[in-house]
Amino acid sequence: MRIGVAQVSPTDSPIRGFRQLSQIYSVESFLRPNEEGRLQPLLAESWKVSGDGRSLQVRLRRGVRFHDGSPVDPAAVTEILPRALKDFMGPVYPDIQGISAIDADTFEVRFGTSSPFVLEAMEAPFRKPGPTIVGTGPYVAPTNSTTEMRAFREYYLGAPVIDRLVVSNYPSVRAAWADMLRERIDMLFEVGTDALDSMMGSNNISVFTFTRHYQYTLAFNPKSQALRSSEVRRALNWAIDRAGIVRNALKDHGVASSGPLAASYWALDPSAPRFEYDVERATTPLKGRPPLRFTCLFSPDTVTERVALELRRQLQKVGIEMAVEEVSQDQVIQRSASGQYDAMLFELISGPTLFRPYLVWHSGSPLNFGGFGNMAIDGALDRVRYAASEAEYRGAVLDLQKAFIDDPPGIFLAWTVRARAVSKRFDVPAEEGRDVLSTIRLWKPTAAAADHAARN
């Protein structure tokens, strides 16, 4: 299969795109979350949290091997997993006290206090350390500068049907799409919002959309004079028609949002408070105040610019002036670190579990590059982090949702949608609610394509 990797935005690069693709095909984890944030087995066969919530036992699936032929057993896990978890968990890693083998198929992770995030961290990529990717996935990443991956014949779920994946880089989605129409490539790895509509009508290409675990978010500087008042920030949230953002800026290729968690998240109470479009609730707190003006930073990207302009238009309708300023990604980092901004608009990772939002919004996390959030959100996040039972976890998630409503650190706008485009010369089974790449080992040429190849 010939795969085209295109820049989705000016900040992407061919190297970044190929590395991302290689990781997806060649590296796996012990558990993986579904779209509700519930964990499912992958390299693990099963798992069990102790009664006191202070240890986790994971039973490994038998017959799993790394691409170099060595077994994935408790001995390998105890050697490799500590570093993998340290890289993945960041400031949460100190919760872990040790990892040890229990028997020939089982390892144990011990932690000082109840910590659901340790279980959620079992989706950390599990690969051997080193400059080359040595994982357990259905395809082997190249060990040199080539852009070709070969099927892992000893893959524990069965060898992939497609023997080779050959990757080509393109400067844009349009260039890759043109080659796909000429049948020079068989798959376009990722299709952004702008290109989706033009691809939907093709008779020879299937387009598989998926909702990413990222959402467009307008994050506030908590020290900004204009936005210091929580009442003002709540008013801004009520002023936004998120369905209008999806319709006008994302061309209906998005899912409206109003918080850090997807509506389908298993621990989120459907009756939990959330922001909706309400002009009266937006304008009432602003009466008698000086006109509200602030500046929004965004990086150069066509879709992000459209979202920013739609935000500005909606806020103008309720008398709020939001100036938009395009800056480079380097400038975003510099100005966020120095606090020289009112608000910034970007795609922010938000799931599928609560572990990643914790790293983004907690003030103690080094990944909170803009100093977002506040003490109330920190407290709610910590209650989630140390919940001792599922009931306590649900209650902490409800507290977290309320904290984001009472003292909002930003405006959550919409989850983003991407797509994979695949030639109909290939039979591609899909799993509902998942990126179609999850079934890559089962993809195969259609009978007509195989017959055509045989004749040639």
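Close Cβ contacts (under 8 Å, 6 or more residues apart or on different chains) running from residues in segment 372-401 that are over 25 Å from LYS48 (Cα atoms) to residues that are open to solvent by less than 10 Å² (accessible area, probe 1.4 Å) and among the β-branched types (Val, Ile, Thr) comprise LEU400/ILE377; LEU400/VAL384.
Where strands (runs of 3 or more DSSP E) fall entirely within segment 231-338, those with at least 1 residues that are under 22 Å from the mean Cα position of the chain (by Cα) are at 254-256, 293-298.
Conditions tested, residue by residue: (1) modelled with pLDDT of 90 or more; (2) of a type in the set (Gly, Ala, Ser); (3) under 19 Å from SER22 (Cα atoms).
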site: ARG418; (1), (2), (3): no, no, yes
site: ALA421; (1), (2), (3): yes, yes, yes
site: ASP427; (1), (2), (3): yes, no, no
site: GLU432; (1), (2), (3): no, no, no
site: LEU437; (1), (2), (3): yes, no, yes
site: LEU442; (1), (2), (3): yes, no, yes
site: HIS452; (1), (2), (3): no, no, no
site: ASN456; (1), (2), (3): no, no, no
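Yes/no matrix, rows are residues, columns are (1) open to solvent by 70 Å² or more (accessible area, probe 1.4 Å); (2) at pLDDT 95 or above; (3) part of a strand (DSSP E or B):
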| site | (1), (2), (3) |
| --- | --- |
| PRO142 | no, no, no |
| GLU154 | yes, yes, no |
| ILE162 | no, yes, no |
| ALA176 | no, no, no |
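For ASP105, the requirement of being under 29 Å from MET149 (Cβ atoms) and of a type in the set (D, E, K, R) is not met.
A residue that is within 24 Å of GLY319 (Cα to Cα), in contact with a strand residue (DSSP E or B) (Cβ under 7 Å, 6 or more places away or on another chain), in contact (Cβ under 8 Å) with a residue 24 or more places away in the chain and among the β-branched types (Val, Ile, Thr) cannot be found anywhere in segment 251-258.
Of all the criteria given as (1) closer than 22 Å to GLU79 by Cα; (2) modelled with pLDDT under 95; (3) touching an Asp or Glu at 6+ places or on another chain (Cβ under 9 Å), the one not satisfied by SER114 is (1). One residue stands out in segment 359-382 among those that are under 23 Å from the mean Cα position of the chain (by Cα) and within 17 Å of SER114 (Cβ to Cβ): the one that is most open to solvent (accessible area, probe 1.4 Å), namely ASP382.
Of all the numbered requirements in (1) modelled with pLDDT of 95 or more; (2) within 22 Å of ILE133 (Cβ to Cβ); (3) in contact with a helix residue (DSSP H, G or I) (Cβ under 9 Å, 6 or more places away or on another chain), THR78 misses one, and that requirement is (3).
If you check GLU326, GLU321 for being closer than 22 Å to ALA226 by Cα and touching a Lys or Arg at 6+ places or on another chain (Cβ under 7 Å), only one passes: GLU321. Which number in (1) open to solvent by 10 Å² or more (accessible area, probe 1.4 Å); (2) farther than 21 Å from ARG306 by Cβ; (3) polar (S, T, N, Q) marks the one condition that ASN248 misses? Condition not satisfied by ASN248: (2).
Got at least one residue in segment 18-35 being at pLDDT 95 or above, farther than 24 Å from ASP382 by Cα, of a type in the set (Asp, Glu) and open to solvent by 50 Å² or more (accessible area, probe 1.4 Å)? Checked against the condition, which is being at pLDDT 95 or above, farther than 24 Å from ASP382 by Cα, of a type in the set (Asp, Glu) and open to solvent by 50 Å² or more (accessible area, probe 1.4 Å), segment 18-35 yields no hits at all. Look at ARG306 and say whether it is farther than 28 Å from ALA262 by Cα and touching a residue at least 12 places away in the same chain (Cβ under 8 Å). Against the criterion (farther than 28 Å from ALA262 by Cα and touching a residue at least 12 places away in the same chain (Cβ under 8 Å)), ARG306 does not qualify. With the structure loaded, tell me whether GLY288 is exposed (fewer than 14 other Cβ atoms within 10 Å of the Cβ) and over 15 Å from GLN215 (Cβ atoms) or whether it fails that test. So GLY288 fits the description; yes. Candidates are the residues of segment 52-109 that are charged (D, E, K, R) and assigned to a helix (DSSP H, G or I); the one that is least open to solvent (accessible area, probe 1.4 Å) is ASP95.
The values are calculated or read from the model by the stated rules, or taken from the named source; none is laboratory data. Nothing here was measured: the structure is a model prediction, and the numbers come from that model. Note that we place each Cβ from the backbone using ideal geometry, even for glycine, and neighbour counts take in every protein chain shown. Areas reflect the complete protein model, heavy atoms only, side chains present, ligands, DNA and RNA absent. Shrake-Rupley method; radii C 1.70, N 1.55, O 1.52, S 1.80 Å.
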